[in-house]
Every structure is written in structure tokens, then in C-alpha cells.
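Working notes, beginning with the structure itself.
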Amino acid sequence: QRLRDVNDDKSTCYESEQTQTQTETRRSILHRAVFGLTTTTTAAAIAITTNPSPSYATKAGAQDTSDKYAPKFVQTYEDFVQVDEGWQYKDVKVGGSSSSSTTSSEDLVLEVGDRAVFDWSGYTIGYFGRPFEAKGGPQGGAFDKDVDYSRTVIGSGSVVPGVEKALMSMKPGGVRQVIIPYGELSYPADDLEHTRVGPKPTTFSGQRALNFVLENPRVDRTLLFNIKLVRIDKANGKGGFIRG
């Protein structure tokens, strides 16, 4: 009996350490992920209170499905805004700078048909915080390369819905962290090459890291995107765009 009690204590300590490790992983990812997208924002400005607030089934074996954040093993963060549609965001830097001489940056907003030019990085925040697209990451790794900015026409469905929704309320120069749960706001299950719906990882290893999570129903498939809206190109009504 005494030996069984010792083993039970060891098991409890191990589970506690595992939970703490995963929490620390999420916290460290949120802290470091934005550094690659902005170099002008101070550390104090991007310090994030990232203690996740997990909630669990209301009763043994019963999941709470009263809102769009169910199942409840998806983490929420106190300093992130929870949108009714099911995604969360935090503005690290509010934009507003525009190179356009004819349009005030305060009036420049993304509308359906406009083109968003953006930079991004992505992490499997629900599963050990592994990067599938990184900026300023570990030197010498598969993610250590320069890439062109990404582009999407709003309303075209060329990026995951959660990213498009996040972009539409941003200003040029803004940097936003976006947490997207698996499902209708994330990557579709029938496009594992990510050629139809992006943003697509620029490396094979990044795509493999992303797909490992997306194809595994036993893990938390929540994703973290760090998005910098570089500029807004307004539609000119003739099939083209006016550079922002």
C-alpha cells in the first residue's frame, strides 16, 4: 500500500510538470513570436499576460457546447479579445501609417475586393508551439530565409477565414496576434497542400509541422498567427488595384 501511494504521488507530480511545461511553452511562444514582425515596438509594449485560462467539461464526460470556443481544451488568454465568431486577437501595434498621398490612413480600411499585403508567422500554439512559418527564428534552420510579402484579395477565400477577418479590422503598419481554433475558421481538411487556402508555409518542414497537427484529432489544433499589415491596395473598379 505504501509503495502504491508513492507511485501515485510520482504520477501526480509528473502530470503537474507536463501541464506546467505546456503552459510555459504557450507563454514563451506568445512572447517571442512577434519579434520577427516588428523591430520598432519596445519589449514593454509587447509584453503579454499569457496565462492561459483553460476550462473543462462541466460534468464528467460532458462537453460544454454553449459557445463557439467548445471543445474547451482550446486555451483562452486574459489579454486577448474574444470575438463572438470564435477567434481571439491582441493588437501588439496599432497601425495607421500610409504611404498614400490621396487617402488619409485613418480612412484607409480593407473592404471586399481590396488587396491586403501582409507579413506573417505561424505556430501550432496548441501543440508545443512549433513554428510552421517563422520570422527571425533559429539561425541556420529550415525557417531561416527571407520571403516575399503575402497578398490576398478580401472576399476571395484565398486565406483562412480567421486571418481574413483579422486583417479587415487592421490598419497599415499594425501587428496583431490571432488565435484561431480548428474548424471553419482554420485551414480546410481537403487542402493539405495549402494551394487553395493559405497562407501557405514557405518550406517543406513548415508544411509538415502544420499538417502533422491538422491531421491529428488527438491534439489541440489551435493555431497562432502573427500578422503585420504592410499596406492596403484599394480596388480600382477595373480589375486592378491602387497601391496603398
Q | Distance from the stretch 107-128 to the stretch 188-244 (C-alpha centre basis), Å | A | 8 Å
Q) What's the tally of Lys pairs in the stretch 144-244 whose alpha-carbon atoms lie under 18 angstrom apart, where the two lysines are 8 or more places apart or on different chains? A) 8
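Read-outs: derived from the displayed coordinates by stated rules, not from any lab. Fair warning: this is a prediction, and the values are worked out from it, not measured in the lab.
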